[in-house]
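Participant: One structure, pasted below without further comment.
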Ligand code: PEP
C-alpha cells in the first residue's frame, strides 16, 4: 500500500457548458472505472458543479471547484462563493491560488492562505498552488519564492491538517506553454517543498504530503513525472479537456507509479 495515493486532477478553467461537462463525464467514467490505485479529480466551472456531481455519483471521480471565497460562510461579498456552499453541492475539494488567480486577480500569499483556511473549515480538500515566474527562475530565486508561498500556506494549518493538504507545484512559465519543466527540475523543487514541510510539521507530515506537478503535462510525458520519488500526481489543464486523452493520461500515470 503506497504511503501517498497518486492524484491526478483536470483543471478545466473557463471551459465547458453544463451539457458539455456532463457529456464529458459520461464518456470519461467508463474508461477509468476500474482504476482504484489512483485518485482522479476534475474541476469544472462553478455553474457545472451540481450537474457534474450528480453525474459522477457512485464513481471513483472527485469533483473540485477552481476557487473559493476567502471569506464566509456568508456575507456581503458580491460574486463570491463560500467553501460551505461548495461543500453543499457535493464538491470534494477546491483548487486554490492557481497562478492565473494570483496573476490576473491579485491573489496574494495572504489571500491564498485565507482560502486554504476556509476550505479546511468546510471539510473541503484544498489543492493549493505554488510556482515561480520565468523572471524569478532566471534570477535564480525559484526555490526561495516557492518556499515563501508554501510557508504562507503552512502558517494557517494545524498539525492535523498538514499531512492532508495537497500542494501543486506549477512553474508559471510551464502552464499552457507546451514547455513542461524537466523531471529533474520538478524533483529538485518537490524535494525542497517536502523538506520545508518537514521543518514546519515534522517527518511524518512531510512523508504523507501529496505534491502534484503541473505545467504542460500530457499523456506522453506524465510517466516521466509520476515515476519521480517526490511527485505524487499532476494538475493538468489543456490535456484534461478531452475525455479520451485525459483517460489515457491517467492510465499512463498509474502504469508509471505501479
Ligand atoms: C493548469 O492550468 O493548472 C495547467 C497546468 O495547465 P496546462 O496543463 O495546460 O499547462
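Participant: Which value in deg cm²/dmol, rounded to the nearest 500, describes the helix-derived mean residue ellipticity at 222 nm for the chain, given -39,500 (n - 2.57) per DSSP H run of n ≥ 4 and division by the residue count?
Facilitator: Helices in the chain give a 222 nm mean residue ellipticity of -12500 deg cm²/dmol.
Participant: What nm distance separates the two modelled labels at residue 134 and residue 198, each placed 7 Å from Cα along Cα→Cβ?
Facilitator: Placing both labels 7 Å beyond Cα along the Cβ direction yields 3.4 nm.
Participant: I've got another one for you. Quick one: check the C-alpha center-to-center distance for the range 121-192 versus the range 195-258, whole angstrom.
Facilitator: Each part's Cα centre sits 13 Å from the other's.
Participant: Shifting gears a bit: May I ask for log10 I(q)/I(0) of the range 10-88 at q = 0.26 Å⁻¹, from a Debye sum over the Cα atoms as equal point scatterers with solvent left out?
Facilitator: Cα-only, vacuum Debye calculation for the range 10-88: -1.26.
Participant: Run the paramagnetic zone check for residue 19: 7 angstrom along Cα to Cβ, then residues of the range 40-70 with backbone nitrogen under 20 Å.
Facilitator: Of the residues in the range 40-70, 44-56 have backbone N under 20 Å from the label point off residue 19.
Participant: Okay, moving on. Need one number for the chain: average projected area of the convex hull over its C-alpha atoms, nm².
Facilitator: In nm², the orientation-averaged hull projection of the chain is 12.7.
Participant: Moving to a separate point now. Under a 10 Å cutoff between Cα atoms, tell me which one of 203, 239, 43 has the largest fluctuation in the Gaussian network model of the chain.
Facilitator: The residue that fluctuates most here is 203.
Participant: Viscosity 0.890 mPa s, temperature 25 °C: Stokes-Einstein D of the range 1-150 from its Kirkwood Cα radius, in µm² per second?
Facilitator: Reported coefficient: 148 µm²/s.
Participant: Bin width 10 Å, alpha-carbon pairs only: give the P(r) of the range 95-247 as whole percents, running from 0 to the bin holding the largest distance.
Facilitator: Percent of pairs per bin, in order: 11, 43, 36, 9, 0.
Participant: Using only the Cα atoms of the range 148-212, what semi-axes does the equivalent ellipsoid have when each is the square root of 5 times a gyration tensor eigenvalue? Give whole Å, largest first.
Facilitator: Equivalent ellipsoid of the range 148-212: 24, 12, 9 Å, largest first.
Throughout, read-outs are computed from the coordinates displayed, never taken from laboratory work. Just so you know, these numbers come straight off a predicted model, no measurement behind them. For neighbour counting, all protein chains shown are included, and Cβ atoms are generated from backbone atoms with ideal geometry for every residue, glycine included.
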